[in-house]
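Comments concern the structure below.
The values are calculated or read from the model by the stated rules, or taken from the named source; none is laboratory data. If you're wondering where the values come from, they're calculated on a predicted model, not measured in any experiment. Quick reminder, even Gly has a Cβ in these numbers, built from the backbone with ideal geometry, and neighbours come from all protein chains shown.
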Amino acid sequence: MKPGTAPTRHLVQFVFGVLCVLLTLGHTMRYAELPVLASLDTYLYDIKLRLTMPNTLDNRVVIVDIDEKSLAEVGHWPWGRHVVAKLVHNLVDDYKVATIGFDIVFAEPDNSSGLAVLEDLGRQQLSGVPAYRQALSALRSSLDYDSLLAETLKNRPVVLGFYFSNDKNAQIGGALPEPAFPAGFFSRETLPVFSWQGYGGNIPLLQSAVSDAGHFNPVVDPDGISRRVPLIVEFGGAYYQSLSLAVLRKYLGDAGLMPIIPEGGSDVEALEVITDKGSLSIPVDEHLSALIPYRGGKGSFRYIPAVDVLEGRISKDELVGSIVLLGTTAPGLMDLRATPVASVYPGVEMHANLIAGMLDGTIKESPLSVIVVESLMVLLFGALLTVLLPLVSPLRAALLMIVTLALTLSIDLWLWQSLNIVMPVAGCLVMIVLIFAFDMSWGYLVETRTKRQFTDLFGQYVPPELVEEMARNPENYSMEGQNKELTVLFSDVRSFTTLSEGMDPKELSALMNEYLGAMTAIIRAQRGTLDKYIGDAIMAFWGAPVADAEHARRAVMAALAMQQGMRGLDEPFALRGWPKLHIGVGINTGVMTVGDMGSPVRKAYTVMGDAVNLASRLEGITKEYGVGIVVGEATCRLLPDVAFRELDRVRVKGKEKGVSIFEPLGLLAELPAETKETLVRWQQFLEYYREQAWDKADQLLTDLRGQSPESHLYKLYAERLAFLREHPPGDNWDGVTIFKTK
């Protein structure tokens with residue numbers, strides 16, 4: 001029989017259907033999991049979560065928020081421990097809260113009172129003044145803020161927080177609490193619990209003052225979203241509980257904890273919290289993690305500014321008997337995370353959701369039995385479609401597909417709502433759609449539509465001029481996440497909030513349009529991919545989706561052009577009565593993840609990773625050095641023909657290793673001889689500075705300041721030299737400047 005006749009066509013359809021069923025079964029039964037189906041299941045999970053969230057206010061858990069209002073009134077973070085002590089005292093003794101959980105860590109001693117300086121004076125310059133020693137002895141207890149906080153924590157229902165790290169350069173710091181389960185309690189061969197290499201704990205004085213603490217590490221899925229929290233993790237052979245679990249146990253009267261292991265099995269299916277009045281069962285996955293039962297977007301719990309508690313501005317009965325989580329939503333403190341319900345979500349509210357879910361018994365689970373249910377659905381619906389679709393009309397085939405899809409979704413939603421069971425259904429849904437699509441489009445090729453679809457897709461994210469180039473060979477490009485060496489740029493307007501406060505909204509909007517339009521044109525001229533606008537900030541990157549070996553050069557040239565372009569805006573801005581703008585630009589090169597990321601509601605072609613975070617930090621410290629552009633050393637190494645002035649070696653927040661940072665000045669060949677000579681002398685100064693050759697460094701810096709007395713950079717180093725002369729850093733000093741803020 002000739003190819004193309006009905007029996008042959010049906011045979012091909014039947015074979016395709018059988019292959020789809022077998023592949024799907026391999027995925028559902030965990031023999032050969034398909035990443036695309038796993039990703040789709042994750043998206044479906046997020047959709048179901050958003051559709052079924054109660055979106056109601058839970059008054060049992062209250063978040064005392066270190067927000068912008070509190071920072072404005074009390075001062076920048078970290079606050080003195082005496083302030084935290086007063087906060088704890090007010091909450092427990094005045095407001096009668098049941099439990100306090102700290103979503104922050106006190107990793108370093110508090111020297112803000114100046115006690116250490118006073119004691120040094122007592123040992124040195126004023127050692128022979130008895131009156132001074134007597135006065136200092138009388139003041140010591142009130143100035144020892146750490147001891148003051150430790151005394152306040154004692155015998156109060158407080159749970160401290162700490163964190164673990166798996167960075168290869170992770171350091172162990174502070175003190176850990178007693179583990180929830182001792183070393184050897186579980187078999188590591190049968191329990192794939194999350195394990196960590198290092199941690200950041202509270203100082204021993206504070207940790208020893210309380211009986212409980214919990215880690216606040218969520219599980220960040222490959223798409224960057226936090227959906228789970230490991231309730232029990234392993235470090236050094238012992239097993240430690242999460243902050244939410246520790247707070248729950250404290251709230252329930254220092255409740256006991258035991259794993260629930262089915263008879264004859266080895267996997268932990270739940271954790272049982274045991275109290276005198278009964279017990280709570282908390283379902284966990286094979287990693288001892290629990291899904292976070294988000295109640296809604298930000299605001300599912302009461303937020304009270306910390307300063308209002310400190311100042312007693314809220315009524316005495318408003319917090320009685322509640323669970324208080326002390327955390328922050330201030331953007332500058334960087335405790336904001338991506339979640340299924342919001343791309344920017346307070347980390348502290350994740351713990352609040354988990355505590356509420358454990359109390360309500362609404363934490364979803366995915367027991368092994370769902371594998372059987374899903375596999376039976378795949379077999380039944382796959383066989384039905386494979387046999388019937390080739391035999392019926394297109395209309396009836398569409399109806400049959402719709403019915404099977406509806407049945408699959410109905411079973412899934414019933415399990416979700418009625419039994420709190422998460423069943424992965426992406427495999428079944430995709431199988432149904434694939435079999436139907438193949439049957440309906442057999443013989444129809446889609447190559448002629450590829451270019452148009454490709455252009456429509458990428459046109460949302462990259463400059464039109466690059467889309468046209470990409471469309472010539474669409475098979476070479478993908479929006480799926482991948483790791484590539486790219487260069488990323490962040491820019492931000494200096495003091496924009498202050499500048500814009502007095503402007504009319506329409507004028508401010510017009511100014512922003514002019515500014516962003518001019519900067520965007522420069523970025524596109526350098527073939528950059530505009531990632532996003534963040535208020536007055538711009539994020540862009542080079543090297544994807546179109547590969548570009550010159551990504552570092554284009555980014556630096558764009559930054560130099562942006563600074564020059566800003567001055568081109570001065571005159572037209574002045575004519576319209578607008579303020580003069582200055583921008584800071586941070587650039588870094590490194591391996592980062594690039595791809596289409598987000599949720600079913602909103603996606604973006606973007607980059608993420610440590611190299612991206614460092615670029616953002618570099619932009620933030622431009623004002624520290626009085627320069628317009630700060631470039632990371634990885635970028636600098638790629639551009640030997642560009643003149644750079646080394647600014648410093650820094651260790652930014654969240655990084656353990658120091659990095660050199662530079663200011664680009666332009667092409668080396670175009671640099672005036674006088675500037676080149678100044679650069680050489682400046683580099684010699686840095687060598688003296690790092691060798692602690694203070695006299696030589698001071699003499700050279702004085703000469704440089706004579707040439708450029710207005711230089712903020714020279715002034716900064718002059719102040720550092722003066723300080724280091726009086727406070728020698730010691731032989732182990734590496735010359736690295738540490739930035740503790742983000």
For this session: Could you list all residues from the stretch 291-334 that are of a type in the set (Asp, Glu) and part of a loop (DSSP other than H, G, I, E, B)?
Result: Glu311, Asp317, Glu318
For this session: State whether one or more residues within the stretch 78-90 are assigned to a loop (DSSP other than H, G, I, E, B) and under 25 Å from the mean Cα position of the chain (by Cα).
Result: yes
Exercise. So which residues in the stretch 328-369 are over 26 Å from the mean Cα position of the chain (by Cα), among the aliphatic types (A, V, I, L, M) and at pLDDT below 85?
Worked result: Leu368
Seminar exercise, completed: Quick count over the stretch 549-589, residues being among the basic types (Lys, Arg), out of contact with any strand residue (DSSP E or B) (no Cβ under 9 Å at 6 or more places or on another chain) and part of a helix (DSSP H, G or I), is 1
Problem set entry | Residues satisfying the stated conditions in the stretch 518-535, i.e. closer than 15 Å to Val556 by Cα, in contact (Cβ under 8 Å) with a residue 40 or more places away in the chain, of a type outside the set (A, V, I, L, M) and not in a loop (DSSP other than H, G, I, E, B) | Arg524, Thr529
Exercise. Which residues, taken from the stretch 666-699, are of a type outside the set (S, T, N, Q) and either free of Cβ contacts under 8 Å to residues at least 12 places away in the same chain or at positive phi (or both)?
Worked result: Gly666, Glu670, Pro672, Ala673, Glu674, Glu677, Val680, Glu687, Glu691, Ala693, Asp695, Lys696
Problem set entry | Test: Leu379 is in contact (Cβ under 8 Å) with a residue 12 or more places away in the chain, in contact with a Leu (Cβ under 8 Å, 6 or more places away or on another chain), surrounded by fewer than 18 Cβ atoms within 10 Å (Cβ to Cβ) and not assigned by TED's automatic domain parsing to the domain that holds Leu248 | yes
Exercise. Based on what the data block shows, is Val344 aliphatic (A, V, I, L, M) and either farther than 21 Å from Phe14 by Cβ or surrounded by fewer than 18 Cβ atoms within 10 Å (Cβ to Cβ) (or both)?
Worked result: yes
Exercise. Which numbered condition trips up Met592, out of (1) outside any helix (DSSP H, G or I); (2) of a type outside the set (Lys, Arg); (3) at pLDDT 90 or above; (4) within 18 Å of Arg524 (Cα to Cα)?
Worked result: (4)
Seminar exercise, completed: Taking the stretch 418-429 and keeping residues farther than 20 Å from Asp285 by Cβ and of a type outside the set (Gly, Ala, Ser) leaves Cys428, Leu429
Seminar exercise, completed: Looking across the stretch 626-661 at residues that are part of a helix (DSSP H, G or I) and surrounded by fewer than 20 Cβ atoms within 10 Å (Cβ to Cβ), the single one that is farthest from the chain's Cα centre (by Cα) is Arg637
For this session: Kindly indicate which of Gly224, Gly256, Gly201, Gly214 is surrounded by fewer than 18 Cβ atoms within 10 Å (Cβ to Cβ) and within 29 Å of Ala107 (Cβ to Cβ).
Result: Gly224
Seminar exercise, completed: When the stretch 37-77 is checked residue by residue, the ones that are without any contact (Cβ under 8 Å) to a residue 40 or more places away in the chain and assigned to a helix (DSSP H, G or I) are Leu51, Ala72
Seminar exercise, completed: Reported set for the stretch 682-698 where residues are of a type in the set (S, T, N, Q), surrounded by 13 or more Cβ atoms within 10 Å (Cβ to Cβ) and part of a helix (DSSP H, G or I) is Gln684
For this session: Mind listing whichever residues of the stretch 485-527 are on the phi > 0 side of the Ramachandran plot and either buried (at least 21 other Cβ atoms within 10 Å of the Cβ) or modelled with pLDDT of 90 or more (or both)?
Result: none
For this session: Determine if the stretch 563-572 includes at least one residue that is touching a residue at least 60 places away in the same chain (Cβ under 8 Å) and under 30 Å from the mean Cα position of the chain (by Cα).
Result: yes
For this session: Determine, yes or no, whether Leu679 is part of a helix (DSSP H, G or I) and surrounded by 14 or more Cβ atoms within 10 Å (Cβ to Cβ).
Result: yes
Seminar exercise, completed: Checking Ala718, Ala669 in turn, the sole residue that is touching a helix residue (DSSP H, G or I) at 6+ places or on another chain (Cβ under 9 Å) and either in a helix (DSSP H, G or I) or over 30 Å from Thr329 (Cα atoms) (or both) turns out to be Ala718
